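The values are calculated or read from the model by the stated rules, or taken from the named source; none is laboratory data. Note that the coordinates shown come from a computational prediction; the quantities given were computed from them, not determined experimentally. Accessible surface areas use protein heavy atoms only, side chains included; no ligands, DNA or RNA. Shrake-Rupley method; radii C 1.70, N 1.55, O 1.52, S 1.80 Å.
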Amino acid sequence: MEIVVNEWLLEYMRPNIASEKTSLAIRFLKALAEKGDKIVVRRPSPFFKKFRRYMKESGQYIHSKQRFKHLNNLFHNSDNTRIVDDSDVKNLPPEIETLVPPDDKYLIETTFSSPNKTFITTDTRLKEKLQSVKEIRIFLLEEFMQDYTSVH
């Protein structure tokens, strides 16, 4: 399965974040690897810009630096990550594009460019806006993690 995530994954790896959030992100990554699933990431994107910025900022925090090194390795491993370039991104149908906030458009376009069309977020407002879109499967992180084994 291919899964698109928004920036929660990066936020939860930062220093000084609540340990339960970091633990949740690490559990997600471990389960992803164990199941042989992939994260789908668009390049270029705000996600990658934020990733590079956070990776630099984590330099003085040993645990956070290790987490971002792990993410960097994950993003460079085709067994765990599929990079979608702009030329491979599918345009959103107009009726769906109007539902999507401009800052999140690249994420939903990436989701539509993935065969599974599965999107994991922590943004409850975004999930509510897209709940009626039958073409994608959108989950809040916590609910997805509860049922990850039955999602396949």
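A few remarks follow.
- Where region 21-152 is the region considered: accessible area per residue in Å², 1.4 Å probe: 57 Å²
- Which of 143, 20, 34 is most accessible, then next, and so on - probe 1.4 Å: 34, 20, 143
- Sequence-distant contacts, meaning Cα pairs under 8 Å at least 6 residues apart, place the relative contact order of the chain at 28 percent.
- Whether region 1-75 is rounded, prolate or oblate, judged on the alpha carbon gyration tensor where a/c under 1.5 counts as rounded: oblate
- Accessible carbon and sulfur surface of region 33-85 relative to its total accessible area, %, 1.4 Å: 48 percent
- Using alpha-carbon coordinates, inclination of helix 62-75 to the longest axis of the chain, degrees: 40 degrees
- Between residue 3 and 38, 39, 40, the built amide H atoms are under 5 Å apart, and every one of these is 5 or more places off in sequence or on another chain.
- Extension gain, residue 60 back to residue 76 (0.36 nm per residue minus Cα-Cα distance, nm): 3.5 nm
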